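Worksheet: the structure to be examined is printed underneath.
Rule-based calculations on the coordinates, nothing more; no lab input. Since this is a predicted model, take the numbers as computed values, not measurements. Positions of Cβ are generated from backbone atoms using ideal geometry, with glycine treated the same way; all protein chains shown enter the neighbour counts.
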Amino acid sequence: MNKALRSPIAIEEFDRSYFQQETDEVYALPPECFNSEDFFEFELNAVWKKQWFCVGRATDIPNAGDFFTFDVGNDALLAIRTREGGINVLSNVCRHRNMLLLEGAGNVRRISCPLHAWVYNMEGELVSAPGLTDSGASFDPKSVCLPKIRSEVWEGFIFINYDALAPALHTRLGNLGKQLENYRMSELKSSEPLKMESFDWNWKIFNDECYHCSFLHASSWGGMYETNPERVDESAVFNDVSNGIVSYNLISTHIDAAPTHTGSVLQPAMDSLSDQERTQLSYVTVAPNLLLVGMPDKVKYFMWLPKSAKQSTYGVSWMYPQSTLEREDHKEKFDQEHDDLYPVMIEDLFAWRRSHQGMQSNFASRGRLTNEELVIKRLQNWLIDLYRAEDSRADEQSRVLPIRAIA
C-alpha cells in the first residue's frame, strides 16, 4: 500500500465547502487547492490513485498495435490494442534507462525503445535486450515487464485505476450505463481520435456548471439555445454523488433543439432516444475527469488529466452513430456546428485562464456558492470525502508505524 499523505491544508478547512442541506452556506474550495504543488501531490494520492478515471476511447485504437500515450502527473502511460483484441494500459518508460518508449498515437508491431532497442510485446513483457538476451549473459527477460495499470472499458471508454483493491468499475457506473442505454455509447464513434491539448491551469477549473451560461455565454450560446435558470434542472436522475456522478439537464424549448445557428440539430436525431431525451441536453460528469453531454443527435465528451498543480491536458470529441458518419453531408454539417460553437469555446478558455490567474493572487478568496451551483457543491462533496479519507489513512499509518518500529 502506498504511503498515505496528510492534507497540507487543515482538513477542517474543507468543512465550509461541504454541502448538506439547502440552507447551508457553502463556499468554494481554498485557492491553495488550485495552485499548491504540495496539495496536488496529496490530491494525486487521495483521488487519482484511488478512483477509476477515464483516459480515452477504445474506438480510437480499433486495430492490433494501435496506441495512444498520455500523462497522469509525472507518470507517462500508454494504451495499446493487443492482437487478441484487448486493451492494455502500460507504463511508457523503458525498464532499462527510463527512456520514454512511444510518443503521440499510432500503430506498432511491438514496443521498442528508441535509445537501446529494448523490445516489449503488447503485454509489456520484455522480448529482447541487445547485449543481454543475445550474448549468453545470465539474464532472464521474463524478469522484466512494463508495469501494467488496471483497466476496464465502460460504454467504449477506457478507465484505469491504480488501486488493485478497488471495486470493479461496473459497481460504480453500472446504473449510469442503464440510464444512458438509449444513447448506445459503445456503438458511437468520432470522425477522428481525441486530441489532448496542454493548458496552464489546474484540472479542477474544467469542472462543469451552468451558472455561468446566462452571463459568459449570453450572446454566443444564448443566441442559439435558451439558457435561463428555469431551464436548468439539477435534479436529473443521473445524480449519484457517492459514486462521483453529478448531473443536470438543460430543458429545450422544442424537440431536437441544439446550440446551432438553426436552433436545432444539424445531424439526424438518434432514433433510439425517447421523446424526453430529445427535448433535453443531459450533462453528466463522471468525476474526476469525464463530462458526457447527451444530445438528440450525438454524445459529446470532454476529458481532462492532471499534470501538475498548474498544468493539465484537455480534449473534446463528438460521437455519432455510424450511419451519421457515413452521410455525404456529415462533414459539412459538422464543420458548421463547430463554427457555431467556436465562440463558446473561446469564452470558456478565456474564463479558465483568467480564473487560474486570479487563483494566484494574494487576494484570492473562497466565494460563497449560489443555489444555481448545486453541481459544484456535489462535486466538492465527492472530493472532500476523498480528501478526508486520505488524511485519515495518513493518521492511521502514523499511529501504526511507531508500533511496528518498537516491535
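Just want the answer: with Cβ charges of +1 for Lys and Arg and -1 for Asp and Glu, which residue in Asn202, Gly104, Thr253 is farthest toward the dipole's positive end in the chain?
Gly104
Residue by residue, what Karplus-based ³J(HN,Hα) values in Hz, rounded to whole numbers, does segment 109-118 have, using 6.51, -1.76 and 1.60 with θ = phi - 60° and x for Gly and Pro?
After applying 6.51 cos²θ - 1.76 cosθ + 1.60, I find 7, 7, 9, 10, 6, x, 7, 10, 6, 5 Hz.
Kindly put Met345, Met122 in sequence by how many other C-beta atoms sit within 10 Å of each C-beta, fewest to most.
Ranked by crowding around the Cβ, least crowded first: Met345, Met122.
Helix-only estimate, please: 222 nm mean residue ellipticity of the chain, summing -39500 (n - 2.57) across DSSP H runs of length 4 or more and dividing by its residues, to the nearest 500.
Helix contribution divided over all residues of the chain: -7000 deg cm²/dmol.
To the nearest 0.05, what FRET efficiency results for Ala166 and Arg368 with a Förster distance of 45 Å applied to their C-beta separation?
0.85
Computed from these coordinates, which is percent of Cα pairs over 30 Å apart: [x] 35; [y] 47; [z] 38?
The listed entry that was calculated here is [y].
Return the FRET efficiency for the residue pair Arg353, Ser135: r is the Cβ-Cβ distance, R0 is 60 Å, and the value is rounded to the nearest 0.05.
Numbers: r = 54 Å, r/R0 = 0.90.
My answer for the efficiency is 0.65.
Helices from the chain with mean Kyte-Doolittle at least 0.5 and a Cα length along the axis of 15 Å or more, per DSSP H: which?
none
Taking H as built 1.01 Å from N, whose amide H comes closer than 5 Å to the amide H of Arg150, not counting residues under 5 places away?
Long-range HN contacts for Arg150: Asn161.
If you put +1 on each Lys and Arg Cβ and -1 on each Asp and Glu Cβ, how big is the dipole of the chain around its Cα centre, in Debye rounded to 20?
Working: 40 positive and 58 negative charges, 313 e Å.
Dipole size: approximately 1500 debye.
Report the one residue of Ser282, Ser36, Cys213 whose Cα lies farthest in the direction of the positive end of the charge dipole of the chain (charges on C-beta: Lys and Arg +1, Asp and Glu -1; origin at the Cα centre).
Looking along the dipole axis, the top candidate is Ser36.
Determine the relative contact order of segment 53-158: mean sequence separation of Cα pairs under 8 Å and six or more apart, normalised by residue count, in whole percent.
26 percent
Below 8 Å, C-alpha to C-alpha, sequence gap of six or more: please give me the relative contact order for the chain in percent.
The normalised contact order for the chain reaches 21 percent.
What is the gain in length, in nm to one decimal, between Tyr342 and Val108 on full extension, counting 0.36 nm per residue of separation less the C-alpha to C-alpha distance?
Fully extending the segment from Tyr342 to Val108 adds 80.8 nm.
How much length would be gained if the chain were fully extended between Thr262 and Asp329, taking 0.36 nm per residue of separation minus their Cα-Cα distance, in nm to one decimal?
22.5 nm
Do the alpha carbons of any pairs in Lys298/Lys331; Lys49/Lys204; Lys148/Lys178; Lys3/Lys148 sit beyond 25 Å of each other, and which pairs?
Distance filter (> 25 Å) returns Lys148/Lys178.
Please list, in chain and number order, the residues 5+ apart from Ser190 or on another chain whose amide H is under 5 Å from its amide H, with Hs placed from the backbone.
Tyr320
Farthest toward the dipole's positive end in the chain, which of Tyr301, Gly136, Ser190, given Cβ charges of +1 (Lys, Arg) and -1 (Asp, Glu) about the Cα centre?
Gly136
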